[in-house]
Number of protein chains: 2
Amino acid sequence: MNIGEIARRAGVSRSTVSYVLSGKRPVSEATRRRIQAVIDESDYRPNANARALKEGRTRTLGLVIPPASQRLTDMQLGFVASVVEAAARVDLDVLLSPSGGDHDRSFERIVTGRRVDGVILMEIRLEDDRVTRLRRTGLPFVTIGRTARPGGTSWVDVDYAGLITRCVHHLADLGHRNVALVNRSAELVAAGYGPGHRALAGFAAAVRERDLTGLDVCCGDDAAAGEACVEELLAAHPAVTAVATVNEAALPGMRRALDAAGLVVPRDFSITGVVARHWAEDFRPPLTAADVPMLEMGTEAVSLLVQSIAAGETAARHRLYSPPISLRASTGPAPAR
Amino acid sequence: MNIGEIARRAGVSRSTVSYVLSGKRPVSEATRRRIQAVIDESDYRPNANARALKEGRTRTLGLVIPPASQRLTDMQLGFVASVVEAAARVDLDVLLSPSGGDHDRSFERIVTGRRVDGVILMEIRLEDDRVTRLRRTGLPFVTIGRTARPGGTSWVDVDYAGLITRCVHHLADLGHRNVALVNRSAELVAAGYGPGHRALAGFAAAVRERDLTGLDVCCGDDAAAGEACVEELLAAHPAVTAVATVNEAALPGMRRALDAAGLVVPRDFSITGVVARHWAEDFRPPLTAADVPMLEMGTEAVSLLVQSIAAGETAARHRLYSPPISLRASTGPAPAR
DNA sequence: TTGTAAGCGTTATCAC
DNA sequence: GTGATAACGCTTACAA
């Protein structure tokens, strides 16, 4: 079923059918209705590819996600879901590309094959091949996260450095003198993953400022790693009385290690950090933490991208989220040890 | 940059360029190299839409996911990830459509707009508009989950009924006489969601067969709901000594409610069910459960779809997964109460 | 071994 | 108010 067939059945030309579909020029009520009837009964819908070819735009967004082999974190998933939802609201489809590096065939297809009008990139590294690549092609894109020098690009990000700094200050205010940062995985940090580095920077700054003893450890993105990590931490550094973390997936394991050590939160040990809200709320006791607003961020990313596509290379815009730290019940005065 | 431009720069015709790209007819080594050089230096890649238009296929799969507004469960996410990954391995892109009903614009675009060569559907209901719709259009599709009468369609599914039956038998063998089923949310079940109904059927069958007292409750897909659900269960039916569940997201909450009631697992209370492996392993104590093989299922779904696209409407194939119940540590002899 | 040209299903420019 | 017709960028008979 194509537009020509509709035209034939309605006894008009193809252009007329096209115009009733787009409304881009007036069509007499009589023929309009006749054509519409034929369209309805044959539930015809224009071929999206032909339209894309002619119009030069695909009404599709590309979303580059980390290779699925490494299980996505809840936060990543939250971004994916909110991007897809926001795109659907403005009638845009989303093409997924699971690609780590720049050489990925999937990434290539999407970017240079002109399958999309713009791209949203996740899991940005401080130095990121994909953004340099995208910059060269001129394809509009926005990143969730940002590179070391994001000038000239559109992005949304969480202010991990500032947030972790505030977490540490909060702990210091409560009298903690020995604090630790539970970061993301060592590989991620080694690869120059932005949040990992910025969290570390924020942590170091606050520790220095408040003259604390600070320790930072990397930790895999899962419960088992969190458990091992806190076990070791407790064994090797018994003076530590509080941790700040950016690793939500490790939280259940951290909890278990604390239990096993007979430590009760927050009486004996405080925990805080920056994680997705439901992780904070599901923690026992509920976690004092900055809640990453994934939904808003995904929505905003789509909005920035749409603007950027429409405007064609105008001023890059960005938005740094610094959500308040919700005081819940996982932090308390430092124990007298 | 298009194929004509490449041809011009290399001093050949467009068809020759096309043929070095596709390899569908021999090209002399000399011109082949010359053309390839031009292609490389201008990093040209054919316009995917033009190609799709001409070839009549898009090399793209559609994946219909539940509307993202309701947070996806880990299991759903696991399917998405494995489908995307499996598709990427065979150079297929994945277009996401967050649609619940049949009327969704996004669903319409993808299905009737011929944006994809085939569709994978998730969250299948016993009576599902989308599959009847898809059946009519003739677009190849496979479902993850199955309708009440799935004959003639391709699908992969988990044998919830059989698995829950086996869970209950296991509990009965341990001496439990009062058991409960913690199902998915009431809305889902009311909407005719397959796994909910089949789990219930399997539960009822086993309870009857073993002459137990069985109770089934619906429970929202999150920790808070799980907590509330088990609290009520314990209060209203103190005789219950074991539950089987298909609601992994509720697990952490169920755990908390048990803790709060001072019940230790498995001494005082047994839990089993069918969930994704990492949920089972992260449970304390590790959950005796059938592990849903999401990765294999997603991969298999893609494979079935690819076959179905290639074969054009041949025999529908399907695969019902019935993974073994991994004996871990959450079930034990019924307590003498 | 290579080139010419038709056509995939649209949209949009020009005529009438 | 409506109809031819030329693109959009590609693939693939058919010719040479």
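The values are calculated or read from the model by the stated rules, or taken from the named source; none is laboratory data. Predicted model, so just to flag it, every value in this text is computed and none were measured. We place every Cβ from the backbone using ideal geometry, glycine too, and count neighbours over all the protein chains shown.
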Sort through A:Gly62, A:Gly11 and tell me the only one that's closer than 25 Å to B:Asp117 by Cβ and more than 13 Å from DNA strand C (Cβ to nearest atom).
A:Gly62
Sort through B:Leu139, B:Leu134, B:Leu121 and tell me the only one that's hydrophobic (A, V, I, L, M, F, W, C), within 11 Å of the chain's Cα centre (by Cα) and closer than 21 Å to B:Arg57 by Cβ.
B:Leu121
Tell me, which residue of the stretch B:194-208 that is surrounded by fewer than 19 Cβ atoms within 10 Å (Cβ to Cβ) and in contact (Cβ under 8 Å) with a residue 24 or more places away in the chain is nearest to the other protein chains (Cβ to nearest Cβ)?
B:Ala201
Would you tally the residues in the stretch B:221-264 being in contact (Cβ under 8 Å) with a residue 12 or more places away in the chain and within 14 Å of chain A (Cβ to nearest Cβ)?
20
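Yes or no, residue by residue, for (1) among the polar types (S, T, N, Q); (2) in contact with a strand residue (DSSP E or B) (Cβ under 6 Å, 6 or more places away or on another chain); (3) part of a helix (DSSP H, G or I):
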position: A:Val275; (1), (2), (3): no, yes, no
position: A:Met297; (1), (2), (3): no, yes, yes
position: A:Val306; (1), (2), (3): no, no, yes
position: A:Ile309; (1), (2), (3): no, yes, yes
position: A:Pro323; (1), (2), (3): no, yes, no
position: A:Ala329; (1), (2), (3): no, no, no
position: A:Ala336; (1), (2), (3): no, no, no
May I ask you to verify whether B:Leu181 is modelled with pLDDT under 95 and closer than 26 Å to B:Arg319 by Cβ?
no
Selected residue (criterion: farthest from the chain's Cα centre (by Cα)) from residues of the stretch A:56-85 that are modelled with pLDDT of 95 or more and over 19 Å from B:Val83 (Cβ atoms)
A:Thr58
Single unsatisfied condition, B:His278 versus (1) free of Cβ contacts under 8 Å to residues at least 12 places away in the same chain; (2) outside the structural domain of B:Ser154 (by TED's automatic domain parsing); (3) under 23 Å from the mean Cα position of the chain (by Cα)
(1)
Can you confirm whether B:Arg51 is within 14 Å of DNA strand C (Cβ to nearest atom) and closer than 28 Å to B:Leu95 by Cβ?
yes
Of all residues in the stretch A:14-37, how many are of a type outside the set (D, E, K, R), away from DNA strand C (no atom under 13 Å from the Cβ) and either within 23 Å of B:Ser106 (Cβ to Cβ) or touching a helix residue (DSSP H, G or I) at 6+ places or on another chain (Cβ under 9 Å) (or both)?
3
Residue under question is A:Arg115, and the condition is that it be buried (at least 23 other Cβ atoms within 10 Å of the Cβ), part of a loop (DSSP other than H, G, I, E, B) and either at pLDDT 95 or above or within 14 Å of chain B (Cβ to nearest Cβ) (or both); does it hold?
yes
So B:Asp91, is it more than 17 Å from A:Leu63 (Cβ to Cβ), in contact with a Ser or Thr (Cβ under 6 Å, 6 or more places away or on another chain) and in contact (Cβ under 8 Å) with a residue 24 or more places away in the chain:
no
